[in-house]
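Right, one structure below, let's go through it.
The values are calculated or read from the model by the stated rules, or taken from the named source; none is laboratory data. Treat the numbers as computed from the prediction; the structure is a model and nothing was measured. Glycine also receives a Cβ, built like all others from the backbone with ideal geometry; neighbour counts cover every protein chain displayed. Keep in mind that these areas ignore ligands, DNA and RNA; they rest on the heavy atoms of the full protein, side chains included. Shrake-Rupley method; radii C 1.70, N 1.55, O 1.52, S 1.80 Å.
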4 protein chains.
Amino acid sequence: MGTNTKKRAGIIGGAGYTGGETIRLLLNHPDVELAFVHSRSNAGNPLYAVHADLLGETELTFAADIADNVDVLILCLGHGESRKFLESTPIPAHIHVIDLSQDFRLGESVNGREFVYGLPEYDREAIKKAANIANPGCFATAVQLGLLPLAKAGLLNEVHTTGITGSTGAGQKLQGTSHFTWRANNISTYKVLQHQHLKEIRRTLQALQPAYSGAINFVPVRGDYPRGIWITSYLDSSLTLEEAYQLFEEFYKGHPFTHVSRTQIDLKQVVNTNKCLVQLEKVEGKLVIHSIEDNLLKGASGQAVQNMNLLLGLDETAGLKLKSIVF
Amino acid sequence: MGTNTKKRAGIIGGAGYTGGETIRLLLNHPDVELAFVHSRSNAGNPLYAVHADLLGETELTFAADIADNVDVLILCLGHGESRKFLESTPIPAHIHVIDLSQDFRLGESVNGREFVYGLPEYDREAIKKAANIANPGCFATAVQLGLLPLAKAGLLNEVHTTGITGSTGAGQKLQGTSHFTWRANNISTYKVLQHQHLKEIRRTLQALQPAYSGAINFVPVRGDYPRGIWITSYLDSSLTLEEAYQLFEEFYKGHPFTHVSRTQIDLKQVVNTNKCLVQLEKVEGKLVIHSIEDNLLKGASGQAVQNMNLLLGLDETAGLKLKSIVF
Amino acid sequence: MGTNTKKRAGIIGGAGYTGGETIRLLLNHPDVELAFVHSRSNAGNPLYAVHADLLGETELTFAADIADNVDVLILCLGHGESRKFLESTPIPAHIHVIDLSQDFRLGESVNGREFVYGLPEYDREAIKKAANIANPGCFATAVQLGLLPLAKAGLLNEVHTTGITGSTGAGQKLQGTSHFTWRANNISTYKVLQHQHLKEIRRTLQALQPAYSGAINFVPVRGDYPRGIWITSYLDSSLTLEEAYQLFEEFYKGHPFTHVSRTQIDLKQVVNTNKCLVQLEKVEGKLVIHSIEDNLLKGASGQAVQNMNLLLGLDETAGLKLKSIVF
Amino acid sequence: MGTNTKKRAGIIGGAGYTGGETIRLLLNHPDVELAFVHSRSNAGNPLYAVHADLLGETELTFAADIADNVDVLILCLGHGESRKFLESTPIPAHIHVIDLSQDFRLGESVNGREFVYGLPEYDREAIKKAANIANPGCFATAVQLGLLPLAKAGLLNEVHTTGITGSTGAGQKLQGTSHFTWRANNISTYKVLQHQHLKEIRRTLQALQPAYSGAINFVPVRGDYPRGIWITSYLDSSLTLEEAYQLFEEFYKGHPFTHVSRTQIDLKQVVNTNKCLVQLEKVEGKLVIHSIEDNLLKGASGQAVQNMNLLLGLDETAGLKLKSIVF
């Protein structure tokens, strides 16, 4: 595809972790040009002044202004700030907005802009036709990808979920729990049984299985590593392991990033990729589902680009064939 | 206490992780002398040839023979090997045996030797009078310390437990999951819902609360760090948070190593100590219990020394006032 | 470029770390098809049975035979094994061989096959015309990239070098120093002042500056992380910092993977990329040169693909625009 | 020793890393009572509100006032703050001061208070008779312990030194280089060839070998772990390896914390102890010296307690028989 026909994307809030990851993906995207990266505080500086690994990749600088000759705007702003931005900044209606915050994941709208929940494995067709996308939360993505096939089959009941996340999940703000000296070799939990992502998870699952009460007991854990989310969920199930595997394999057939593994998985299979791997176990009457992803990619910027691809009619995997870190 | 009145302890299987930790504790023990460390494969070599950190601490060498002028033998052997050792090696009946394997935790005996389960917070008086001790498993200790007060009050019902352990829990054997390149920054699970420690956990809890069905859904996780176990359990409970805290504080009053924290805990508070910290949360109808320990100390060698102290009529904390690594 | 015109590459020894990395790169290469991956011990198994992160990327299996309808063979064998392989296996002369071992880096040949030293920043033109390539060592690459401009300018004198490498540098063999429990949070050195890479380093530098005595005092350090090499070298120099920067910038102008940084660098800028970053400091009469790379990419498989691209007349960067791990 | 005869120590600045470590050591010290811990910002709070691992160890609270019924004051203040404190706070002359900052390491005095440089391996007798102690820097301690025997023998010449330190060396201040996401798996250098500890190092070494020019080329590295310093120094030497070992062993004979190892060392042998290990290698004409310590113990608070013991006429090792973390 020639340069002239490339689509154009702009990034709002390009100085944070998800902004940086979105830049990295768009710089190598074959069909989309990174038109600008907006950052008030860094305007005029080269991108690599903030994202040092971009040295040698691009001479682009942060933009003070928001050009409107783009096809899509990707908002990499904090929770609450996306709404403020869209309320205060006039964006032409024909420009798609993909928002990475949690501001529009529960059906909220702003200035007439409606948002489709951007989980392709849940409803890819709606995303293709969407004007705007509310990109799912990182934990929410991995938890849902472990449960969607069961919800669709009407087989969900009370779920018990452990989730472990890397430090990037907490962003770049300096705080006690992000101090290396504290976090190295350490484990702790937070928001036990009351994580904010439970809302969007329940919303999707109940849409698929209306009778489901939405009971998810979720224990979020701060892990001792930078990237990746590990989810283990279990629930009562009368499926055999083989039946369960077939249900999941059938469900994810044709989805290029979510794969079912019949052998034991470990987190580094997906770190620095846009993939999600799902593995099952059956122990007596319980079905155990492990689902893993990179929280910044399939859990944030990678899924945003996946949604952008679908929205713009591009190959779903364009720009997302990433080499895993593996080690 | 003068040297002449010191008790004497011997270690069988001193070349592994728990053997090394037991040596480290006994070298600094004020009231017990390390009489010998037996290791067939290392006989004649200095201890620091195997445990390099002991350089400068002792010139003791591994012993080929087992002296019988000791008060206690601590067995740091693999599972199954303790039984073989006691079946094949005549040990005078007056010598106490403290066994760190899982061979005698469920009431098994050998050559007439009976074993008391060595969890002081469960039954300290029995340990004081015991001839021999079956030292609890690492996960088993931390899980039980999070549940004992509830069991004693008859308040247990189905429990959901996440447990994360450091790499030392898997011993020093070289294997794929112990390769640094694989394990660094990685997460995985094993023996989900079927960990072998569940047996000894259920045994204790049902002894305290006979009507308890023993339902514990336990998800063991391989953590990305060497030392420490994090446990989060939750269950339905009608207790208020304050009632629960009072129940736990009352239960652990007088126990020198298990402490109840009213503020949020993190694993490194206990690493390299013999302590266990317990913290509670109440979220709607669920009581959440976090319990943490160093898997090699309170979860193994430290608890063995604690049991030895009790058995020999010494101060329970002798030799166990350890400086945490903290960072 | 259409599929029909793609070049074809085969990998010998695809089960190790560099084999895996080479597979990952070739699977996404736009102009080269991965024809086969040979592995005696794994023949018939899918690649993802060994390289678990490849699940969902390819259904290719390890090959028992070596097809000869390829343009290039990449040997990912251990030191000494490449020579044995080429001595015992008839490979048609028109097939290029790129060897990652140290067997042919010092001008050795086998069965009439001559090898060009594959450091593009040293002699890209020779590589373009080469029949076969001896791919440089990981430490050797990073050390040389910190010194080449000085050697070319005839400014080398006695060099003092610290090098820190990740655990992947030692391969996947299980050994004491690769045990997670040992290596986590640990530091140690090896082969101090006598690392085997010094030979190839001296050979290149003396070719550029014949009067240079080759004195490099090299302290190799085992780092506490999986990927990446950090090199700090210093030597007496009368250059100002600005003169030194201009010398380096001029030298690396036009080299797409080696970049000169005028701000402080850190290792994660290059991890999981094929880049090398070089930063300079001047302290009194000493010039300090920091040079960093990913040991498995620019230090091994990435450079092999870069050499392959040059050899086959492709864009030097094809298949090597990699997203850094960054965090 | 009975409680009534215990010496008494107060800590000024007890909320930081070295303050916490000093508290931990004094809480278990057999012959010294921790009289108070002063901290303006935390007055009234329990120590464990700041140092969470002290939960269950002590109910002591931070003091707003500085009692003068103590034998020794240990200042755990930032650089520059010790001088300010001693200038503005009247401390009775008979109270010993041990200062952990760099304010008095080069012979400075304040209000008539003179300070002896507190490196026991250098001049233990002077410390025993000292009124006040300037406690050495962390890097300075490890570098000097690798060089003292050579300086005393008049054998120093230009030294080349690599030093790697854990994150605790940078204190608890939140900053970019202390963010877990940045520092995990990362390497970087700082103050290359110009670290401030070079001054105190040169001062000691030139006192022992007046003709020594003081040339030390020191490359400080930020390591990817919390605790410990690794030093590798090398220099020209005509000693054989055996001669060098005998020189070092003779020098450190009778020093309870610094030990010479004839086998290869690794950092975790000393982490969480007050020990320093020294290992030698000879490669052609170069003598290589590795010296390692825990930066917060032998490099700070442990050495302060060691100095306190000497000053107060106690056993040099009292309160310092610490269990290493080892794993």
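Worth a mention:
- The modelled label-to-label distance for the pair D:His255/A:Arg203, using points 7 Å beyond Cα in the direction of Cβ, is 6.6 nm.
- Mean per-residue shielding of peptide B:46-59 is 5, counting Cβ atoms of other chains within 10 Å of each Cβ.
- For region D:140-157, the residues whose amide N sits under 19 Å from a probe point set 7 Å from the Cα of D:Ala126 along the beta carbon direction are D:140-156.
- Cα-based reach from C:Lys6 at 19 Å (exclusive), listing lysines while leaving out same-chain residues under 8 positions away: A:Lys321, C:Lys128, C:Lys321
- Solvent-accessible surface of region C:234-322, averaged per residue with a 1.4 angstrom probe and all protein chains in place: 29 square angstrom.
- Kirkwood radius and radius of gyration were both taken over the C-alpha atoms of region C:1-103, and their ratio Rg/Rh is 0.95.
- On chain B, 48 percent of the accessible area sits on carbon and sulfur atoms, based on a 1.4 Å probe.
- Listed residues A:Leu75, A:Leu34, A:Leu296, most fluctuating in chain A (Gaussian network, C-alpha, under 10 Å): A:Leu34
- Treating r as the C-beta distance of C:Lys191 and D:Gln194 and R0 as 25 Å, the FRET efficiency rounds to 0.30.
- Computed over chain A, the Cα gyration tensor eigenvalues convert (square root of 5λ each) into semi-axes of 32, 22, 19 Å, ordered from largest to smallest.
- Working from Cα pairs under 8 Å separated by at least six residues, relative contact order for region C:116-220 is 35 percent.
- Cα centroid of region B:268-327 to Cα centroid of region C:250-323, whole Å: 49
- In nm, spacing of pseudo-spin labels at B:Ala43 and B:Glu243 (7 Å Cα→C-beta vector): 6.2
- Computed over the alpha-carbon atoms, the protein assembly as shown gives an Rg to Rh ratio of 0.96, Rh here being the Kirkwood radius from the mean inverse distance.
- Within region C:220-327, the GluC sites (Glu not before Pro) that combine a DSSP coil assignment with at most 13 other C-beta atoms in a 10 angstrom radius are C:Glu284.
- Counting charges near A:Val32 (Lys, Arg +1; Asp, Glu -1) among other residues having Cβ under 12 Å from its Cβ returns a value of -1.
- Counted charge near A:Arg183, where neighbours are those whose Cβ lies closer than 10 Å (Asp, Glu -1; Lys, Arg +1): +1
- Within region A:1-82, trypsin sites (Lys or Arg not before Pro) in DSSP loop having at most 14 other beta-carbon neighbours inside 10 Å: A:Arg40
- Taking other residues whose beta carbon is less than 13 angstrom from the beta carbon of D:Leu156, and scoring Lys, Arg as +1 and Asp, Glu as -1, yields 0.
- The contact residues of region C:185-217, meaning those that lose at least 40 Å² of 1.4 Å-probe accessible area when all protein chains sit together rather than their chain alone, are C:Asn185, C:Asn186, C:Ile187, C:Thr189, C:Val192, C:Leu193.
- Put simply, chains A and B cover up around 3100 Å² of each other's accessible surface, both sides summed, when a 1.4 Å probe is used.
- Among residues of chain A, the one whose Cβ lies closest to the rotation axis carrying chain A onto chain C, together with that distance rounded to whole Å, is A:Ile325, 2.
- Rounded to the nearest 500, the 222 nm mean residue ellipticity of chain C from helices alone is -7500 deg cm²/dmol, with -39,500 (n - 2.57) taken per DSSP H run of at least 4 residues.
- Shielding by partners, peptide A:153-163 (average Cβ within 10 angstrom, other chains): 2
- For the residue pairs C:Lys152/D:Lys191; A:Lys191/B:Lys282; B:Lys298/D:Lys173, alpha carbon separations beyond 21 Å are given by C:Lys152/D:Lys191; B:Lys298/D:Lys173.
- In nanometres and ascending order, the distances from the D:Glu125 label point to those of the other copies are 6.2, 7.1, 9.4 (point 7 Å from Cα along Cα→Cβ).
- Alpha-carbon geometry of region C:138-293: the Rg and the Dmax are 15.7, 47 Å, given in that order.
- Sites A:Glu114 and A:Ala64 - FRET efficiency at Förster radius 35 Å, r taken between beta-carbons, to 0.05: 0.75
- Among A:Thr18, A:Thr61, A:Thr232, the largest mean-square fluctuation in a Gaussian network model of chain A (Cα springs under 10 Å) belongs to A:Thr61.
- Per-residue ³J(HN,Hα) for region C:204-221, Karplus 6.51 cos²θ - 1.76 cosθ + 1.60, θ = phi - 60°, Hz, x for Gly and Pro: 5, 5, 6, 5, 7, 10, x, 7, 5, 6, x, 6, 10, 9, 10, 9, x, 10
- Spin-label model distance (nm) - D:Leu106 vs A:Asp315, 7 Å beyond Cα toward Cβ: 6.3
- With a 10 Å cut-off around each Cβ of A:278-287, the average count of Cβ atoms from other chains is 2.
- Counting from the shortest, the label point at B:Leu239, 7 Å from Cα toward Cβ, is 3.7, 6.3, 6.9 nm from the same position in each remaining copy.
- Residues considered: D:Asn185, D:Asn45, D:Asn295. Largest GNM mean-square fluctuation over chain D, using C-alpha springs under 10 Å, is found at D:Asn185.
- Loop-located trypsin sites (Lys or Arg not before Pro) in region A:212-261 (DSSP state other than H, G, I, E, B) with a sparse environment of at most 10 neighbouring Cβ atoms within 10 Å: A:Lys253.
- With θ taken as phi - 60° and the Karplus curve 6.51 cos²θ - 1.76 cosθ + 1.60 applied, the whole-hertz 3J(HN,Hα) list for region A:88-97 is 9, 10, x, 10, x, 4, 7, 7, 5, 10 Hz, x standing for glycine and proline.
- Here the relative contact order of chain D, from alpha carbon pairs under 8 Å that lie six or more residues apart, stands at 18 percent.
- 5 angstrom amide H check on C:Glu33, placed H, neighbours 5+ away: C:Lys7, C:Arg8, C:Ala9
- Placing a label point 7 Å from the Cα of B:Asp315 along the Cα-to-Cβ direction, the distances to the matching points in the other copies come to 1.4, 7.2, 7.3 nm, shortest first.
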